[in-house]
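Here the structure is laid out as structure tokens; the discussion comes afterwards.
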Amino acid sequence: MSKWLNTSGEMTVNVTASAKYSTNDPLIDTKTIEVTQDLNIESPTNKRESGYKGEFAITGVTINNKPSTIKVGEEVVLIGTVIPAYWLQDNLVSFRSSNPDVASVSWGVLKGNSDGTAVITATAIGTTYTDSFTVTVQSVADGGYKASEIYYAPEPIADDSTTVTNWLVDQINYVSENGYKKLVLPNKTLTVSPVPILGNVSEATAEEHLCIFIPSDLCIDLNGCTIQMEASGWSTYSGQSVGIYNGYSFFVFDKNCKNSGFINGTLSGEVDQLSSITSGNEQVCMVAFRNCEGCYLEDVEVCNSPGFNITSTIYAPGGIGNATYIKDYNLEEGGYADNGDKREETLAYRTIEPMQWTSPDLLTEYPYYMIGSVWGTVGEFIDTTLYDIIWYKSNGDVLGIDRNNMLYYPYKAPTDAEKYNIVLHQDYLPTTGFSSYCFAPVFLHGQPRGCWIKNCNIHNNTSTGIAMVGGINWLVEGCTFKDNGFRDPSSHIDMEDHGDCMFGHIYRNNTFSGTGYFYPLYGRQFAIHNNDINSYCRSIRVYGMRVYNNIFHRSDVGFSYGGDCVFAQNITEGISSSARNKNTDAYPGYYAMYIYDNLKSDGTVIEDKIDQ
């Protein structure tokens with residue numbers, strides 16, 4: 001996660017030289033060579049300062065996510081936490097693989113290289129404390145379809161948007177109900193509109209009638225066609241609304257949808273049909289990823305949206321009202337043993353009486369829980385990053401204990417638990433937060449998990465290319481972003497609301513240019529590597545970000561108020577950074593920014609530094 005975590009101790013970059021007789025003459029020759037520089041890496045030691053009740057001496061380390069299997073070519077951002085975990089303390093963890101040919105780790109990012117197994121070990125730097133797991137790497141299975149699994153849709157009987165939209169809904173329903181796995185659309189322009197989907201509905205169900213929900217296990221092959229949105233009252237702020245809903249989300253992956261997506265074509269919005277860019281509705285969305293898993297866009301052009309265009313968001317059924325709040329008067333010092341008995345424990349506060357688990361009927365669609373807030377802010381009123389949770393059966397027997405869970409990280413909810421207790425690993429009783437609640441709710445939620453956008457051309461969207469406001473382990477790879485954003489937030493990618501709930505995103509081998517910002521504003525444990533970025537890039541509050549092997553063409557690259565973040569081995573014209581002041585900032589406790597081994601395009605070495 002920082003300079004000393006690389007094992008080679010070297011940095012290799014490509015340098016290209018071109019020869020001409022004069023400026024206006026053609027090239028005589030161009031040659032690219034590799035230049036390797038010894039980095040002379042020096043390993044530091046975790047610094048631990050005095051806490052509220054004493055020293056936070058390191059007692060261990062844990063890996064918070066331990067994937068048992070990954071595919072060849074797949075990457076996973078590993079999360080390592082020094083114990084005791086505390087916002088104000090260093091959290092330096094190194095990772096090593098027993099078999100790098102099978103699975104390697106670079107800057108804390110695990111990558112599958114070939115079939116086999118490897119043991120991944122995390123070490124709290126400066127100590128002998130370790131944690132490990134075994135990962136199996138498997139080749140990607142052939143994704144081909146049998147002829148009997150493919151349905152070729154006939155052309156619609158008319159080309160008006162009402163007919164085409166209802167025809168499209170019928171085709172999707174038909175293939176889902178008859179067991180087809182792939183729907184191939186006719187190669188032509190298909191004009192659609194959200195209006196025909198809207199019926200005479202109540203406010204509570206209005207949003208669903210502005211969506212086409214994609215079923216599980218369905219690949220929609222656009223087959224070179226263009227799905228063209230027609231402008232309507234839903235396209236503008238001054239236009240139609242139902243209850244609280246304004247705008248629309250057209251194609252939606254939700255309701256625990258799995259393994260579905262679009263390939264090979266164009267999804268075009270209606271901005272060119274509007275009187276002005278500013279009249280467009282920010283809430284307009286062509287593709288929405290909500291409570292889903294393994295859903296995707298591949299080889300798709302997504303363009304000309306007047307709004308958010310593509311969104312990834314978290315959803316909690318019933319909102320914050322579905323949560324069970326942890327209250328300060330139900331907390332006392334100490335922890336719980338494996339058998340559920342109370343025990344003395346330092347740096348720990350436990351709930352005294354078990355809390356009631358949520359309604360079981362929600363678990364099928366929303367099988368994950370977390371501690372935090374759907375907006376990703378409430379948890380900052382505590383100083384821990386880890387907690388234990390003890391599950392109980394209806395008769396009070398202990399069902400199991402999950403230890404060292406990470407705040408905000410999603411965990412699979414048990415289906416047969418009735419109640420639970422919590423242990424917060426920190427050195428004082430938290431009493432600040434919402435009203436009489438000490439800091440945070442425990443609640444069910446659904447959000448995109450393991451989804452991807454690959455080899456897509458995302459351009460000319462007037463608010464954002466991708467509004468990333470939720471999701472776990474996203475992959476955005478091989479995409480071209482250009483001229484996205486002519487009004488706030490004016491972004492190619494905007495990672496913002498629900499920030500602390502976003503984990504493990506990977507952005508690799510993408511190109512960013514033209515109008516629009518690359519805004520990895522908020523989030524946790526994500527990687528940005530091997531991208532070509534000719535856009536303003538700014539990060540404001542992230543934790544565990546790894547930015548490496550990128551080319552930044554501009555000098556206005558900035559990372560502020562980050563924690564345990566690394567900016568390394570990049571080519572950049574400039575970098576500004578600052579760590580959050582842990583004594584005076586409104587949201588204290590983020591550790592440091594590590595900037596190492598970066599070069600300017602002319603070969604000038606950028607000074608290494610640590611912002612704390």
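The values are calculated or read from the model by the stated rules, or taken from the named source; none is laboratory data. None of the values given here were measured: they were computed from a predicted structure. Here the Cβ positions follow ideal geometry from the backbone for every residue, glycine too, while neighbour counts run over all protein chains shown. Surface areas here come from the heavy atoms of the whole protein model, side chains and all, with no ligands, DNA or RNA. Shrake-Rupley method; radii C 1.70, N 1.55, O 1.52, S 1.80 Å.
Just name the residue that is most open to solvent (accessible area, probe 1.4 Å) out of those in the stretch 540-560 that are modelled with pLDDT of 80 or more and among the aliphatic types (A, V, I, L, M).
The extreme case among them is Ile551.
Residue-wise test of (1) buried (at least 17 other Cβ atoms within 10 Å of the Cβ); (2) under 23 Å from Asn509 (Cα atoms); (3) modelled with pLDDT under 95.
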| residue | (1), (2), (3) |
| --- | --- |
| Gln89 | yes, no, yes |
| Phe95 | yes, no, yes |
| Asp101 | no, yes, no |
| Gly108 | yes, yes, yes |
| Thr123 | yes, no, yes |
| Tyr152 | no, no, no |
| Leu183 | yes, no, no |
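Conditions tested, residue by residue: (1) β-branched (Val, Ile, Thr); (2) modelled with pLDDT under 85; (3) over 21 Å from Glu573 (Cβ atoms); (4) open to solvent by 20 Å² or more (accessible area, probe 1.4 Å).
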residue	(1), (2), (3), (4)
Trp474	no, no, yes, no
Thr480	yes, no, yes, yes
Asp488	no, yes, yes, yes
Met495	no, no, yes, no
Ile506	yes, no, yes, no
Thr515	yes, no, no, yes
Ala527	no, no, yes, no
Asn531	no, no, no, no
Arg538	no, yes, no, yes
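Inside the stretch 321-369, can you point out the residues that are at pLDDT 90 or above, touching a Lys or Arg at 6+ places or on another chain (Cβ under 7 Å), part of a loop (DSSP other than H, G, I, E, B) and surrounded by 15 or more Cβ atoms within 10 Å (Cβ to Cβ)?
Matches in the stretch 321-369: Gly334, Pro354.
Is it the case that some residue within the stretch 374-382 is assigned to a loop (DSSP other than H, G, I, E, B), at pLDDT below 70 and under 23 Å from Ile63 (Cβ atoms)?
Yes, the stretch 374-382 has at least one match.
Taking the stated definitions as given, is Ser161 touching a residue at least 40 places away in the same chain (Cβ under 8 Å), more than 18 Å from Phe262 (Cβ to Cβ) and surrounded by 14 or more Cβ atoms within 10 Å (Cβ to Cβ)?
For Ser161, the condition - touching a residue at least 40 places away in the same chain (Cβ under 8 Å), more than 18 Å from Phe262 (Cβ to Cβ) and surrounded by 14 or more Cβ atoms within 10 Å (Cβ to Cβ) - is met.
For the stretch 431-458, give me each residue that is open to solvent by 30 Å² or more (accessible area, probe 1.4 Å) and either modelled with pLDDT of 90 or more or polar (S, T, N, Q) (or both).
Across the stretch 431-458, the qualifying residues are Thr431, Thr432, Ser435, Ser436, Gly450, Trp452, Lys454, Asn455, Asn457.
Working only within the stretch 385-427, note down all residues that are within 28 Å of Asn91 (Cα to Cα), assigned to a strand (DSSP E or B), open to solvent by 20 Å² or more (accessible area, probe 1.4 Å) and touching a Ser or Thr at 6+ places or on another chain (Cβ under 9 Å).
Scanning the stretch 385-427 gives Arg403, Asn404.
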